[in-house]
Amino acid sequence: GALCFAELGTMITKSGGEYPYLMEAFGPIPAFLFSWTSLLVTKPSSFAIICLSFAEYASAPFYPGCDPPQVVIKCLAAAAIVIITTVNSLSVKLGSYLQNFLTAAKMIIVIIIIVSGIVLLAQGKTENFKDSFKDSTISVSSISLAFYNGLWAYDGWNQLNYITEELKNPYRNLPLSIIIGIPLVTVCYVLINISYFTVMTSTELLQSQAVAVTFGDRVLYPASWIVPLFVAFSTIGSANGTCFTAGRLVYVAGREGHMLKVLSYISVKHLTPAPAIIFYGAIAIIYIIPGDIDTLINYFSFAVWIFYGLTVLALIVMRFTRKELRRPIRIPIIIPVIVTLVSILLVLAPIISAPELAYLYCVLFILSGLIFYVLFVHFKFNWPQKISSKYTSDSQL
């Protein structure tokens, strides 16, 4: 998938992730439905999930032996969203410096956990790997949902395409970061999970509110306090990266006339798409109120893989309809074909094998964007734009 996005990103060097590719290949309606769904479902729910994870790890040390109260977790998550949106609204440099610091912190805890796991394996802690898939439920539905949770952990492989216009030399740096980043993340994630299973059974891992904290308590005591601290840094870093990139989608959609014009404005003082970022943060806070992480991940993944599949299909379509476009990177066509088929399987499998009304609501919500497209884009009912413009003018005065 990331290789497909590398070709798309170097072929169409516009920010906004999937949005400009869908626009070029299929026209404004699929692009609008993507921006509509991303703005109101996929991106804010992703932001909310990461901040809820941060809140669980940050609060876990203060509630030893029991789960932190939900009100504490949700208030902490909301505070994290407010801080991150404020930072990214004030300064691009501040946001990128924060990202660099938090990424370094993330790598420190990753190395500590991996090295601890290797030492334990060398000492013979391998009992949890014997018959490790015993009593597993093997069905198309359960495997698809397992893929949703697994692929959620890797989500972010397409994030650089949201800021293509802000990259220095995207033709070189976009594919290079993908080729280096994805294998590095994959190796780290697999080794971390192996480390967890050296000291926890699958049941213990599922029951743990904060897996890395449990690992730290069992392996790193009395220095176990460093684990929740650095994992909190790690999750805040992921949330910061999500906010930094997703705000650009709202900005690009506003620039194309698919969202309120005020969302396409850039702060003259700070040179950031502040209205888009603030709007995005406000929607994410709404998702924190009712949501639990597992439910949000399932619905997020269902919606997002519809558009991942469409975007990779756009790459295949443009091979035939837009042959004149320069392609600094040209991957074998079998790769986007495989990704498209996997996307279809991921979307259809849970619906067919374990249908739930929630999936229908998700599809209806995506299609409901057509009503807003017809009224405000096609027929150009422009009173919302006038209201947003008047509000902006008044605030400037």
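The values are calculated or read from the model by the stated rules, or taken from the named source; none is laboratory data. All figures in this text were calculated on a predicted structure; none of them were measured in a lab. Virtual Cβ from ideal backbone geometry, glycine too; neighbours counted across all protein chains shown. When the accessible area is computed, the model is the full protein with side chains, heavy atoms only, and any ligands, DNA or RNA have been set aside. Shrake-Rupley method; radii C 1.70, N 1.55, O 1.52, S 1.80 Å.
Among the residues making up region 123-155, those that are touching a residue at least 40 places away in the same chain (Cβ under 8 Å), closer than 20 Å to PHE47 by Cβ and open to solvent by 30 Å² or more (accessible area, probe 1.4 Å) are ASN149, LEU151, TRP152, ASP155.
Here's the yes/no breakdown for (1) free of Cβ contacts under 8 Å to residues at least 24 places away in the same chain; (2) touching an Asp or Glu at 6+ places or on another chain (Cβ under 6 Å); (3) not in a helix (DSSP H, G or I):
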position	(1), (2), (3)
LEU176	yes, no, no
PRO183	yes, no, no
VAL190	yes, no, no
GLN209	no, yes, yes
PHE215	no, no, no
TYR221	yes, no, yes
SER224	yes, yes, yes
VAL227	no, no, no
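In region 272-292, the residue that is surrounded by the most Cβ atoms within 10 Å (Cβ to Cβ) out of those that are modelled with pLDDT of 75 or more and part of a loop (DSSP other than H, G, I, E, B) is PRO273.
Whenever a residue of region 239-252 is assigned to a helix (DSSP H, G or I), its partners that are basic (Lys, Arg) and surrounded by fewer than 24 Cβ atoms within 10 Å (Cβ to Cβ), lying with C-beta atoms within less than 9 angstrom and at least six residues away or across chains, give the pairs VAL252/LYS14.
Given the criteria among the hydrophobic types (A, V, I, L, M, F, W, C) and part of a loop (DSSP other than H, G, I, E, B), does TRP157 qualify? Judged against the criteria, TRP157 is a match.
Taking LYS93, is it at pLDDT below 90, touching a helix residue (DSSP H, G or I) at 6+ places or on another chain (Cβ under 7 Å), surrounded by fewer than 24 Cβ atoms within 10 Å (Cβ to Cβ) and not aliphatic (A, V, I, L, M)? When the stated conditions are applied, LYS93 does not pass them.
Within region 255-271, the set of residues being crowded, with 24+ Cβ neighbours inside 10 Å and not hydrophobic (A, V, I, L, M, F, W, C) comprises just one member, HIS258.
Taking residues in region 102-115 that are under 15 Å from LEU191 (Cα atoms), and partners anywhere that are open to solvent by 50 Å² or more (accessible area, probe 1.4 Å) and assigned to a helix (DSSP H, G or I), the pairs with Cβ atoms closer than 6 Å and at least 6 places apart or on different chains are ILE114/LEU191.
Output the residues belonging to region 156-172 that are of a type in the set (Ser, Thr, Tyr) and open to solvent by 40 Å² or more (accessible area, probe 1.4 Å). Please lay out each step first, then the result.
Going residue by residue through region 156-172, those that are of a type in the set (Ser, Thr, Tyr) are 162, 164, 171.
If the condition is that a residue be of a type in the set (Ser, Thr, Tyr) and open to solvent by 40 Å² or more (accessible area, probe 1.4 Å), then TYR171 is the only one that fits.
Applying the criterion of at least 1 residues that are under 25 Å from GLY257 (Cα atoms) and at pLDDT 90 or above to the helices (runs of 4 or more DSSP H) found wholly in region 1-85 leaves 2-11, 18-26, 28-37.
Scan region 173-191 for residues that are hydrophobic (A, V, I, L, M, F, W, C) and surrounded by fewer than 18 Cβ atoms within 10 Å (Cβ to Cβ) and jot them down.
Within region 173-191, the first condition is being hydrophobic (A, V, I, L, M, F, W, C), and the residues that meet it are 174, 176, 178-180, 182, 184-185, 187-188, 190-191.
Listed by number, the residues that qualify are LEU176, ILE179, ILE180, ILE182, LEU184, VAL185, VAL187, CYS188, VAL190, LEU191.
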